[in-house]
Amino acid sequence: MRYPDGDKAYVAADAAPLEAAGARFLVRGGRFECPEGTARSRTVVVGFDSYAGALECYRSPGYQAARALREAAADSDFIIIEGYRPETLP
């Protein structure tokens, strides 16, 4: 974990690139149980219209500036994963 208020700077900095990419928060902290495996103390899930859009946002100069603030403030895992699309199932 870490972040003695360093997360506030990150949250403020990531707002513009996420908004520009049409991102929406699906999970942002909250109560949870982890009956198997391990979990961090906080989980955030952000949805994008496409996998390519998520990658483009992550690679943008605006998000990379925010990323530097996140890395200075918190220990984290960051994963970009293609979402469920029922039309791709057999």
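We did not get these values from a lab; they are worked out from the coordinates using the rules stated. As the structure is a computational prediction, the values presented were derived from the model and not from experiment. Because the Cβ atoms are built from the backbone with ideal geometry, glycine has one as well, and the counts that use them run over all protein chains shown.
Over 18 Å from Tyr10 (Cβ atoms) and not hydroxyl-bearing (Ser, Thr, Tyr), is that true of Pro35?
Working: over 18 Å from Tyr10 (Cβ atoms): yes; not hydroxyl-bearing (Ser, Thr, Tyr): yes.
So Pro35 passes the test.
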Here the residues within region 46-77 that are more than 17 Å from Ala15 (Cβ to Cβ) and of a type in the set (A, V, I, L, M, F, W, C) are Ala52, Leu55, Ala72
Does Ala12 fit the bill of being on the phi < 0 side of the Ramachandran plot and surrounded by 12 or more Cβ atoms within 10 Å (Cβ to Cβ)?
no
Here the residues within region 31-90 that are touching a residue at least 60 places away in the same chain (Cβ under 8 Å) and in a loop (DSSP other than H, G, I, E, B) are Asp75
Please verify whether region 36-49 includes one or more residues that are in contact with a Leu (Cβ under 8 Å, 6 or more places away or on another chain), of a type in the set (Phe, Trp, Tyr) and surrounded by 15 or more Cβ atoms within 10 Å (Cβ to Cβ).
no
